[in-house]
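Presented below is the structure to which this report refers.
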Amino acid sequence: MWVKLSAVCFGRPGSNAHHIGPVTALSLESAEAVVAAALASLRGQSVVIDVPDARTGMRDWLKRLGFVERRSFTRMLRGDQSRP
């Protein structure tokens, strides 16, 4: 039997905070669900999550949860690509 995943979220412990990401999802709602599950498992601990600038829905949702933007997200590119 096959199960269709709508989202997946990875994470790792860091030296100053837990890092959530990357997150890959078919919808904003699916992304919110897996991030919410990760946050529930890290309740009371410092958490960092990088969100690309174009993902305004996720950024707004995280702000409503109390996250504060500390730095911009920079994606590195090689070659003559202007956007990933």
- Message: Can you give me the orientation-averaged projected area of the convex hull built on the Cα atoms of the chain, in nm²?
- Response: 7.5 nm²
- the chain - mean residue ellipticity at 222 nm from DSSP helices (-39,500 (n - 2.57) per run, n ≥ 4, rounded to 500): -8500 deg cm²/dmol
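Between Arg43 and Trp2, what FRET efficiency follows from the Cβ-Cβ distance if R0 is 41 Å, with the result rounded to 0.05? The partial results should precede the final answer.
On the way: r = 33 Å, r/R0 = 0.80.
That gives a FRET efficiency of 0.80.
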- In the stretch 1-53 the DSSP beta bridges are antiparallel at a rate, in percent to nearest 5, of 65 percent
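Run the dipole for the chain about the Cα centre, Lys and Arg Cβ at +1, Asp and Glu Cβ at -1, nothing else charged, and hand back the magnitude in debye, nearest 20. Don't skip to the answer; put the middle values down first.
Working: 12 positive and 7 negative charges, 28 e Å.
Magnitude of the dipole: close to 140 debye.
No value in this document is a laboratory result; all are computed from the given coordinates. This structure is a prediction, so every number in the text was calculated from the model and none was measured. Counting neighbours? That spans all protein chains shown, and the Cβs are built from the backbone with ideal geometry, glycine included.
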